[in-house]
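Here's the structure we're looking at; comments come further down.
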Amino acid sequence: AGRNSCALVSPHFKLNLRESLIMHLITVVAAATCATRRLSGPGADTCVDEQDALALLQLRGMSERSGAVSELEEGMESMMSVGLYRQNAHTKQPHKTAYFGRVSVGTPPQSFSVVFDTGSGNLVLPSTDCDSTACQIHRRYNPLKSSSSVDIDADGTPVDAGADRDQITITFGTGEITGVLLQDKVCVGSLCTSGRFIAATEESDAPFASFSFDGVLGLALTQMAQSPEFSFMQRIAEQKVLRKPQFSVFLSDDERESEITFGGAKTGKYLGEMVWAEVSRPSGYWQGEISDMAI
(Lines give C-alpha, C1' and ligand atoms only; values in the text may rest on other atoms or scores of the structure.)
Protein backbone atom coordinates (compact mmCIF):
# COMPACT_ATOMS: atom_id res chain seq x y z
CA ALA A 1 0.00 0.00 0.00
CA GLY A 2 3.03 2.29 0.26
CA ARG A 3 3.43 5.21 2.60
CA ASN A 4 -0.17 6.34 2.20
CA SER A 5 -2.97 3.79 2.42
CA CYS A 6 -6.73 3.89 2.10
CA ALA A 7 -9.23 1.25 3.24
CA LEU A 8 -12.99 1.20 2.66
CA VAL A 9 -15.55 -0.65 4.78
CA SER A 10 -19.33 -0.99 4.43
CA PRO A 11 -21.96 -2.62 6.70
CA HIS A 12 -23.14 -4.42 3.56
CA PHE A 13 -20.67 -7.15 4.62
CA LYS A 14 -18.00 -6.34 2.06
CA LEU A 15 -14.51 -4.93 2.30
CA ASN A 16 -11.74 -3.83 0.00
CA LEU A 17 -9.59 -6.96 0.05
CA ARG A 18 -6.58 -5.20 -1.37
CA GLU A 19 -6.39 -2.95 1.68
CA SER A 20 -7.90 -5.26 4.34
CA LEU A 21 -4.58 -5.52 6.19
CA ILE A 22 -4.86 -1.80 7.05
CA MET A 23 -8.09 -2.52 8.95
CA HIS A 24 -6.25 -5.21 10.92
CA LEU A 25 -3.63 -2.67 11.98
CA ILE A 26 -6.34 -0.46 13.49
CA THR A 27 -7.71 -3.46 15.38
CA VAL A 28 -4.24 -4.10 16.83
CA VAL A 29 -4.10 -0.51 18.12
CA ALA A 30 -7.19 -1.00 20.28
CA ALA A 31 -5.81 -4.27 21.59
CA ALA A 32 -2.97 -2.50 23.00
CA THR A 33 0.41 -1.85 24.21
CA CYS A 34 1.34 1.59 22.97
CA ALA A 35 2.54 4.41 25.20
CA THR A 36 2.55 8.17 24.85
CA ARG A 37 4.99 9.78 22.50
CA ARG A 38 4.67 13.02 20.59
CA LEU A 39 1.55 13.60 18.52
CA SER A 40 1.00 15.04 15.07
CA GLY A 41 -2.45 16.61 14.93
CA PRO A 42 -4.81 17.33 12.05
CA GLY A 43 -6.54 20.54 11.17
CA ALA A 44 -9.48 21.45 8.99
CA ASP A 45 -7.54 20.76 5.80
CA THR A 46 -7.35 17.05 6.70
CA CYS A 47 -10.90 16.62 5.42
CA VAL A 48 -10.61 18.23 2.00
CA ASP A 49 -7.88 19.28 -0.39
CA GLU A 50 -5.78 22.21 0.82
CA GLN A 51 -7.33 24.84 -1.46
CA ASP A 52 -10.87 23.63 -0.81
CA ALA A 53 -10.25 23.65 2.94
CA LEU A 54 -9.01 27.24 2.80
CA ALA A 55 -12.12 28.27 0.88
CA LEU A 56 -14.34 26.54 3.44
CA LEU A 57 -12.62 28.32 6.31
CA GLN A 58 -13.06 31.67 4.59
CA LEU A 59 -16.73 31.03 3.85
CA ARG A 60 -17.43 30.03 7.42
CA GLY A 61 -15.38 32.82 8.94
CA MET A 62 -13.54 30.36 11.11
CA SER A 63 -10.32 31.51 12.74
CA GLU A 64 -9.53 28.20 14.41
CA ARG A 65 -8.63 24.85 12.89
CA SER A 66 -11.34 22.18 13.04
CA GLY A 67 -11.14 18.39 13.09
CA ALA A 68 -14.18 17.70 10.90
CA VAL A 69 -15.53 19.16 7.65
CA SER A 70 -18.51 17.88 5.66
CA GLU A 71 -18.57 17.61 1.89
CA LEU A 72 -20.82 20.25 0.32
CA GLU A 73 -23.75 18.23 -1.01
CA GLU A 74 -27.48 18.91 -0.98
CA GLY A 75 -29.88 16.73 1.01
CA MET A 76 -28.43 14.01 3.19
CA GLU A 77 -24.70 13.88 3.85
CA SER A 78 -22.64 12.52 0.97
CA MET A 79 -19.40 12.12 2.90
CA MET A 80 -18.00 13.49 6.14
CA SER A 81 -14.36 13.29 7.20
CA VAL A 82 -12.64 13.55 10.56
CA GLY A 83 -8.92 14.17 10.86
CA LEU A 84 -6.86 11.61 12.75
CA TYR A 85 -4.01 12.28 15.16
CA ARG A 86 -1.04 9.94 15.09
CA GLN A 87 0.66 8.53 18.18
CA ASN A 88 3.81 6.46 17.76
CA ALA A 89 4.16 3.66 20.28
CA HIS A 90 6.92 3.15 22.86
CA THR A 91 6.78 -0.65 22.88
CA LYS A 92 8.85 -3.69 21.98
CA GLN A 93 7.11 -3.55 18.60
CA PRO A 94 8.35 -0.20 17.21
CA HIS A 95 5.98 -0.37 14.22
CA LYS A 96 2.88 0.14 16.39
CA THR A 97 1.12 3.43 15.70
CA ALA A 98 -2.27 4.66 16.91
CA TYR A 99 -4.52 6.93 14.86
CA PHE A 100 -7.37 8.59 16.70
CA GLY A 101 -9.89 11.43 16.28
CA ARG A 102 -12.61 13.34 18.11
CA VAL A 103 -16.23 12.64 19.01
CA SER A 104 -18.69 14.55 21.15
CA VAL A 105 -21.31 13.16 23.53
CA GLY A 106 -24.17 14.82 25.35
CA THR A 107 -26.11 18.09 25.43
CA PRO A 108 -24.19 20.38 25.49
CA PRO A 109 -21.47 18.31 23.81
CA GLN A 110 -18.54 16.90 25.79
CA SER A 111 -15.51 16.28 23.56
CA PHE A 112 -13.37 13.13 23.63
CA SER A 113 -10.54 11.61 21.61
CA VAL A 114 -11.17 8.01 20.54
CA VAL A 115 -9.56 5.24 18.53
CA PHE A 116 -11.84 4.18 15.68
CA ASP A 117 -11.51 0.46 16.31
CA THR A 118 -12.55 -2.12 13.71
CA GLY A 119 -12.06 -4.91 16.26
CA SER A 120 -14.81 -3.90 18.70
CA GLY A 121 -18.40 -2.71 18.43
CA ASN A 122 -19.15 -0.29 21.29
CA LEU A 123 -18.37 3.28 22.20
CA VAL A 124 -16.46 3.20 25.51
CA LEU A 125 -15.59 6.37 27.46
CA PRO A 126 -14.21 7.00 30.96
CA SER A 127 -16.86 8.14 33.44
CA THR A 128 -16.61 10.73 36.20
CA ASP A 129 -17.52 7.82 38.51
CA CYS A 130 -14.22 6.12 37.62
CA ASP A 131 -11.35 6.64 40.07
CA SER A 132 -8.81 4.43 38.25
CA THR A 133 -5.60 6.16 37.25
CA ALA A 134 -6.32 5.43 33.60
CA CYS A 135 -9.60 7.34 33.92
CA GLN A 136 -8.23 10.21 36.00
CA ILE A 137 -5.64 11.21 33.40
CA HIS A 138 -8.21 11.43 30.60
CA ARG A 139 -11.35 13.39 29.82
CA ARG A 140 -14.32 11.76 31.56
CA TYR A 141 -17.96 11.74 30.57
CA ASN A 142 -20.21 13.47 33.12
CA PRO A 143 -23.88 12.43 32.75
CA LEU A 144 -24.97 15.15 35.17
CA LYS A 145 -23.80 17.78 32.70
CA SER A 146 -25.87 16.38 29.82
CA SER A 147 -29.60 17.09 29.62
CA SER A 148 -30.02 14.21 27.13
CA SER A 149 -28.27 11.52 29.22
CA VAL A 150 -30.33 8.49 30.29
CA ASP A 151 -29.14 5.69 32.61
CA ILE A 152 -30.15 2.31 31.15
CA ASP A 153 -29.85 -1.43 31.72
CA ALA A 154 -28.43 -3.79 29.10
CA ASP A 155 -31.82 -4.16 27.40
CA GLY A 156 -32.25 -0.39 27.10
CA THR A 157 -34.72 -0.01 29.98
CA PRO A 158 -34.27 3.35 31.75
CA VAL A 159 -32.98 3.12 35.33
CA ASP A 160 -34.07 5.42 38.15
CA ALA A 161 -31.39 7.50 39.82
CA GLY A 162 -29.71 5.56 42.63
CA ALA A 163 -31.27 2.23 41.63
CA ASP A 164 -29.24 -0.92 41.00
CA ARG A 165 -28.20 -1.19 37.36
CA ASP A 166 -26.47 -3.56 34.98
CA GLN A 167 -22.71 -3.44 34.56
CA ILE A 168 -20.57 -4.86 31.80
CA THR A 169 -16.91 -5.91 31.57
CA ILE A 170 -15.07 -5.82 28.25
CA THR A 171 -11.56 -7.09 27.53
CA PHE A 172 -9.24 -5.20 25.17
CA GLY A 173 -6.08 -7.18 24.48
CA THR A 174 -4.01 -6.89 27.65
CA GLY A 175 -6.50 -4.80 29.64
CA GLU A 176 -10.15 -4.55 30.54
CA ILE A 177 -12.82 -2.06 31.53
CA THR A 178 -15.95 -2.36 33.66
CA GLY A 179 -18.72 0.14 33.17
CA VAL A 180 -22.37 1.11 33.19
CA LEU A 181 -24.67 1.68 30.23
CA LEU A 182 -26.13 4.96 29.08
CA GLN A 183 -27.96 6.54 26.19
CA ASP A 184 -27.11 10.01 24.90
CA LYS A 185 -26.48 12.05 21.78
CA VAL A 186 -23.27 10.89 20.05
CA CYS A 187 -21.67 12.94 17.27
CA VAL A 188 -18.74 12.21 14.99
CA GLY A 189 -18.18 15.45 13.14
CA SER A 190 -21.62 16.45 11.82
CA LEU A 191 -23.02 12.90 12.07
CA CYS A 192 -25.18 12.69 15.19
CA THR A 193 -27.38 9.91 16.56
CA SER A 194 -29.02 9.09 19.85
CA GLY A 195 -27.34 5.88 20.89
CA ARG A 196 -26.16 3.66 23.69
CA PHE A 197 -22.61 3.45 24.99
CA ILE A 198 -20.50 2.26 27.93
CA ALA A 199 -19.18 4.63 30.59
CA ALA A 200 -16.22 3.02 32.31
CA THR A 201 -16.25 2.93 36.13
CA GLU A 202 -13.00 0.90 36.26
CA GLU A 203 -10.09 0.72 33.81
CA SER A 204 -6.90 -1.30 34.09
CA ASP A 205 -3.73 0.79 34.03
CA ALA A 206 -2.26 -1.46 31.36
CA PRO A 207 -2.64 -0.45 28.66
CA PHE A 208 -5.12 2.43 29.06
CA ALA A 209 -2.94 4.66 31.26
CA SER A 210 -0.39 4.70 28.41
CA PHE A 211 -2.82 5.97 25.80
CA SER A 212 -3.22 9.62 24.84
CA PHE A 213 -6.78 9.06 23.61
CA ASP A 214 -9.71 8.91 26.02
CA GLY A 215 -11.80 6.03 24.69
CA VAL A 216 -12.72 3.66 21.88
CA LEU A 217 -15.38 3.90 19.18
CA GLY A 218 -16.04 0.41 17.80
CA LEU A 219 -16.63 0.10 14.05
CA ALA A 220 -16.82 -3.70 13.82
CA LEU A 221 -19.96 -5.39 12.51
CA THR A 222 -23.05 -5.39 14.72
CA GLN A 223 -22.29 -8.84 16.19
CA MET A 224 -19.43 -7.28 18.14
CA ALA A 225 -21.66 -4.67 19.84
CA GLN A 226 -23.58 -5.18 23.07
CA SER A 227 -26.71 -4.83 20.90
CA PRO A 228 -27.48 -3.12 17.55
CA GLU A 229 -28.34 0.07 19.43
CA PHE A 230 -24.73 0.25 20.64
CA SER A 231 -23.32 0.14 17.08
CA PHE A 232 -22.62 3.62 15.67
CA MET A 233 -22.56 2.44 12.03
CA GLN A 234 -25.77 0.42 12.49
CA ARG A 235 -27.56 3.54 13.74
CA ILE A 236 -26.14 5.63 10.88
CA ALA A 237 -27.36 3.03 8.37
CA GLU A 238 -30.85 2.71 9.89
CA GLN A 239 -31.38 6.45 10.11
CA LYS A 240 -30.12 6.91 6.53
CA VAL A 241 -27.96 9.86 7.54
CA LEU A 242 -25.47 9.04 4.75
CA ARG A 243 -26.11 8.15 1.13
CA LYS A 244 -23.78 5.17 1.52
CA PRO A 245 -23.47 3.29 4.84
CA GLN A 246 -19.70 2.98 4.49
CA PHE A 247 -16.53 4.28 6.07
CA SER A 248 -13.00 4.49 4.73
CA VAL A 249 -9.64 5.12 6.39
CA PHE A 250 -6.66 6.98 4.94
CA LEU A 251 -3.46 6.51 6.94
CA SER A 252 -0.28 8.44 6.26
CA ASP A 253 3.15 8.56 7.86
CA ASP A 254 4.37 11.61 5.92
CA GLU A 255 3.20 15.21 5.52
CA ARG A 256 -0.25 14.17 4.29
CA GLU A 257 -2.62 14.04 7.24
CA SER A 258 -4.69 10.95 8.04
CA GLU A 259 -8.47 10.86 8.17
CA ILE A 260 -11.51 8.65 8.50
CA THR A 261 -14.36 9.32 6.07
CA PHE A 262 -17.97 8.26 6.59
CA GLY A 263 -20.16 7.77 3.52
CA GLY A 264 -17.64 6.30 1.07
CA ALA A 265 -14.06 6.87 -0.07
CA LYS A 266 -12.44 9.92 -1.65
CA THR A 267 -11.10 9.07 -5.09
CA GLY A 268 -8.11 11.33 -4.53
CA LYS A 269 -6.91 9.07 -1.71
CA TYR A 270 -6.34 5.87 -3.73
CA LEU A 271 -5.30 4.64 -7.18
CA GLY A 272 -7.12 2.21 -9.45
CA GLU A 273 -10.55 0.65 -9.03
CA MET A 274 -12.09 -0.66 -5.81
CA VAL A 275 -12.00 -4.44 -5.53
CA TRP A 276 -14.72 -5.96 -3.31
CA ALA A 277 -14.87 -9.31 -1.53
CA GLU A 278 -17.50 -10.81 0.75
CA VAL A 279 -16.86 -10.90 4.49
CA SER A 280 -15.97 -14.56 5.01
CA ARG A 281 -17.77 -15.34 8.28
CA PRO A 282 -20.40 -13.76 10.60
CA SER A 283 -18.00 -13.22 13.50
CA GLY A 284 -18.39 -9.47 13.74
CA TYR A 285 -14.86 -8.89 12.43
CA TRP A 286 -14.10 -7.53 8.96
CA GLN A 287 -12.62 -10.83 7.79
CA GLY A 288 -11.85 -11.66 4.19
CA GLU A 289 -10.83 -15.01 2.76
CA ILE A 290 -7.50 -15.19 0.94
CA SER A 291 -7.51 -17.93 -1.69
CA ASP A 292 -3.93 -17.50 -2.91
CA MET A 293 -0.72 -15.71 -1.93
CA ALA A 294 2.56 -15.18 -3.74
CA ILE A 295 5.83 -13.95 -2.24
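The values are calculated or read from the model by the stated rules, or taken from the named source; none is laboratory data. From a predicted model like this one, the values you see are computed outputs, not experimental measurements. In this analysis, Cβ positions are derived from the backbone assuming ideal geometry, glycine residues included, and neighbour counts consider all displayed protein chains. For the accessible areas, the whole protein counts, side chains as well, though only heavy atoms, and no ligand, DNA or RNA atoms are used. Shrake-Rupley method; radii C 1.70, N 1.55, O 1.52, S 1.80 Å.
Kindly evaluate T169 against the criterion of being open to solvent by 60 Å² or more (accessible area, probe 1.4 Å), assigned to a strand (DSSP E or B) and more than 21 Å from Q234 (Cα to Cα).
Spelling it out, T169 is indeed open to solvent by 60 Å² or more (accessible area, probe 1.4 Å), assigned to a strand (DSSP E or B) and more than 21 Å from Q234 (Cα to Cα).
Could you go through region 191-207 and let me know if any residue there is under 27 Å from S78 (Cβ atoms) and acidic (D, E).
no
Take region 258-295 and flag every residue that is open to solvent by less than 40 Å² (accessible area, probe 1.4 Å) and of a type in the set (K, R).
K266
Scanning for something modelled with pLDDT under 80 and out of contact with any Phe, Trp or Tyr (no Cβ under 7 Å at 6 or more places or on another chain), does region 149-172 turn up at least one residue?
yes
Please determine whether any residue of region 247-257 is aliphatic (A, V, I, L, M) and either open to solvent by 80 Å² or more (accessible area, probe 1.4 Å) or over 17 Å from N122 (Cα atoms) (or both).
The answer is yes; a qualifying residue exists.
Run down D214, D184, D205 and say which single residue is among the acidic types (D, E) and farther than 19 Å from D131 by Cβ.
D184
Residues being over 19 Å from S120 (Cβ atoms) and either touching a residue at least 24 places away in the same chain (Cβ under 8 Å) or not in a helix (DSSP H, G or I) (or both): count how many of those fall in region 211-245.
Count: 6.
Pairs, please: C-beta under 7 Å, at least 6 apart or cross-chain, first residue in contact (Cβ under 8 Å) with a residue 12 or more places away in the chain and farther than 21 Å from T97 by Cα and in region 249-275, second surrounded by fewer than 22 Cβ atoms within 10 Å (Cβ to Cβ) and hydroxyl-bearing (S, T, Y)?
Partner pairs satisfying both residue conditions: G263/S78.
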